[in-house]
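Below is one structure, written out as structure tokens, with a few remarks after it.
The values are calculated or read from the model by the stated rules, or taken from the named source; none is laboratory data. As the structure is a computational prediction, the values presented were derived from the model and not from experiment. Glycine also receives a Cβ, built like all others from the backbone with ideal geometry; neighbour counts cover every protein chain displayed. The accessibility values were calculated without ligands, DNA or RNA, using every heavy atom of the protein model including side chains. Shrake-Rupley method; radii C 1.70, N 1.55, O 1.52, S 1.80 Å.
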Amino acid sequence: MHLNRNDEDILAGELGAVKQKAMEILVALGDIYGAERLVPIESAQIAGVSYKTIGDAGLEYLTDLTGSVTVPTMLNPMGMDRYKWRQMGIDELFVEKQLAIIRKYEMLGIDAQCTCTPYYVNAPRKGSHLSWSESSAVSYANSVLGARTNREGGPSALAAALVGKTPEYGYHLDKNRVPDITIKTDFPLQGADFGALGYVVGKIVHSRVPQFSFVTQPNDDELKALGAGMAATGAVALYYSERRAKPSETLELSRSDLDIYSSSEPDAVVLGCPHCSRSELTEIARLLDGHTVKRPLWICTSRFVADRCRSLITRIEETGANVICDTCMIVSPAFEKRRLMVNSGKALEYGPSLCNSHTVMGTTADCINIACNA
Ligand code: F3S
């Protein structure tokens, strides 16, 4: 891989041992994937934040790091809401460790917004290169916003944030951004249906680049749900919601292929995977109006969005529901070994494997109905 003079200096350790290590990671990745050069990135987003996920080993790794990131950098959700952790039933030792992790990241100059929707805080420009980690955010950046990022691991995203560059391979290159299968859905879809579609299609197309043919064009929330589902079940990092090319393969789905909704008697209903937008909070508030929540109902969003939707959140919480920030049902220990109902294809996939929770999926209206009619 070609390195310019400045890259070489970093690699030689002239800007310190931490940046040198970061450059070594980027060069190793570039060599493995055949990158020709490093490209400057506009922003980074780092996964590996919850103490549940990275544990003491992760905290120790962060303790050794010094210096500062060189591009705007945010974090993935952590294991708790930084203010409502008691309400979530998180124990004090976990809180102590979790806050220590956040402090370490902050000392590196990272904005401790812990969200899988960093694009609501700071939307990347079309065509810009990024180094983002969280799979649904990667999908949204590539597919909806037209930015370019691979799905980075936590350490490689952090290395890119410290150096301000990433190796140019994978989805940074035009040649890898061409759709190679068309998915046809000749029936109407709305809301959570797109998460269900993502869940189903991800399992079929695994790591390919699908383009969709829809009866009606999905809105941004629906595209977010679609991408999150495919990212979870099929590691799909890029898709097109309309025709871009003429791939040789076409797959036609029928309504019954998406028949993954079910109902049960959950211990808790959890919405907001990925973190809710203002319009999703508005819809939840509308569905809850005039009802009282009788079964725990948790709604995950980013602190950035919550701070801008105070009256909506008051309306939601007056019904007995809880809106939580900084965290989610998958990375928090609060939702382990439970029976969960979700409206997300991604949470449906990860609930059993990462939370050891029996998980079922319904539409947003179904979920609220179950929460209000225990
Ligand atoms: Fe976000 Fe957690 Fe879902 S990180 S995409 S809410 S699994």
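Say each of residue 106 and residue 60 gets a label point 7 Å from the Cα, pointing the same way as Cα to Cβ; how far apart are those two points in nm?
2.5 nm
Roughly how far apart, in whole Å, are the Cα centres of the stretch 278-338 and the stretch 203-259?
With the stretch 278-338 and the stretch 203-259 each reduced to a Cα centre, they are spaced 28 Å.
In whole angstrom, and with the biggest value first, how far do the Cα coordinates of the stretch 178-258 range along each principal axis?
28, 24, 24
On full extension of the chain, what length is gained from residue 250 through residue 203, given 0.36 nm per residue of separation minus the C-alpha to C-alpha distance? Please list the in-between numbers first.
Values: separation 47, 0.36 × 47 = 16.92 nm, distance 1.55 nm.
In short, 15.4 nm is gained.
Find out how many positive minus negative residues lie around residue 13, taking Lys and Arg as positive, Asp and Glu as negative, among other residues whose Cβ is under 13 Å from that of residue 13. Mind dumping the intermediate values first?
On the way: positive: 19, 21; negative: 7, 8, 9, 14, 24.
Charge balance in the 13 Å sphere: -3.
Spin-label point model (7 Å from Cα, Cβ direction): what's the residue 339 to residue 96 distance in nm?
For residue 339 paired with residue 96, the spin-label model returns 3.6 nm.
Leaving ligands, DNA and RNA out of it, rank 314, 319 by accessible area with a 1.4 Å probe, largest first. Please list the in-between numbers first.
Working: 314 75, 319 15 Å².
Descending order: 314, 319.
Just check the chain against the gyration tensor rule for me: Cα atoms, a ≥ b ≥ c as the square roots of the eigenvalues, rounded for a/c under 1.5, and otherwise prolate or oblate depending on whether a/b exceeds b/c. Don't skip to the answer; put the middle values down first.
On the way: a/c = 2.14, a/b = 1.24, b/c = 1.72.
Judged from the Cα gyration tensor, the chain comes out oblate (a/c at least 1.5, b/c at or above a/b).
With +1 on each Lys and Arg Cβ and -1 on each Asp and Glu Cβ, and nothing else charged, work out how big the dipole of the chain is about its Cα centre, in Debye to the nearest 20.
Working: 38 positive and 44 negative charges, 82 e Å.
For this selection, approximately 400 debye.
Averaged per residue, what accessible area in Å² does the chain show with a 1.4 Å probe, protein chains only?
Numbers: 15440 Å² over 374 residues.
I get 41 Å² per residue for this part.
Take the alpha-carbon centre of the stretch 1-76, take the same for the stretch 98-165, and report the distance between them in whole Å.
Cα centroid to Cα centroid, the span is 12 Å.
Tabulate in residue order the Karplus-calculated ³J(HN,Hα) for the stretch 310-318, using 6.51 cos²θ - 1.76 cosθ + 1.60 with θ = phi - 60°, rounded to whole Hz; enter x for Gly and Pro.
Per-residue couplings from phi come out as 4, 6, 5, 5, 4, 4, 5, 6, 5 Hz.
Could you check how much of the accessible area of the stretch 162-221 is carbon and sulfur, as a whole percent, using a 1.4 Å probe?
Of the solvent-accessible surface of the stretch 162-221, carbon and sulfur hold 49 percent.
Relative contact order (percent) for the chain, with alpha-carbon contacts under 8 angstrom and 6 or more residues of separation? Intermediate values should be presented prior to the final figure.
Working: 862 pairs, mean separation 66.1, N = 374.
Relative contact order here is 18 percent.
With the cut-off at 1.5 for a/c, could you classify the stretch 5-174 from its C-alpha gyration tensor as rounded, prolate or oblate? Present the calculation step by step, with values, prior to reporting the outcome.
On the way: a/c = 2.27, a/b = 1.37, b/c = 1.65.
Here the stretch 5-174 falls in the oblate category.
If you take every residue apart from residue 310 with its C-beta less than 14 Å away from the C-beta of residue 310, what net charge results, scoring Lys and Arg +1 and Asp and Glu -1? Don't skip to the answer; put the middle values down first.
On the way: positive: 278, 303, 308, 315; negative: 307, 317, 318.
Result for the local shell: +1.
If you plug each phi of the stretch 164-181 into the Karplus form 6.51 cos²θ - 1.76 cosθ + 1.60 with θ = phi - 60°, what whole-Hz ³J(HN,Hα) values come out, in order, with x for Gly and Pro?
Values, residue by residue: x, 9, 9, x, 8, 8, x, 6, 7, 9, 3, 4, 9, 10, 9, x, 10, 7 Hz.
Once amide H atoms are built 1.01 Å from N in the peptide plane, which residues 5 or more positions from residue 182, or in another chain, come under 5 Å H to H?
Close amide H contacts, sequence-distant or interchain: 211, 249, 250, 251.
In whole Hz, with x marking every Gly and Pro, tabulate ³J(HN,Hα) for the stretch 236-245 from phi via Karplus 6.51 cos²θ - 1.76 cosθ + 1.60, θ = phi - 60°.
Those phi angles translate into 7, 10, 8, 8, 10, 8, 8, 5, 10, 9 Hz.
First select every other residue whose beta carbon is under 15 angstrom from the beta carbon of residue 55; then total the charges, Lys and Arg +1, Asp and Glu -1.
Values: positive: 52, 97, 104; negative: 56, 60, 91, 96, 336.
Net charge around residue 55: -2.
Starting from the Kirkwood radius over alpha-carbon pairs of the stretch 268-372, derive D by Stokes-Einstein at 20 °C in a medium of 1.002 mPa s and give it in µm² s⁻¹.
Numbers: Rh = 13.4 Å.
For the chosen part, D equals 160 µm²/s.
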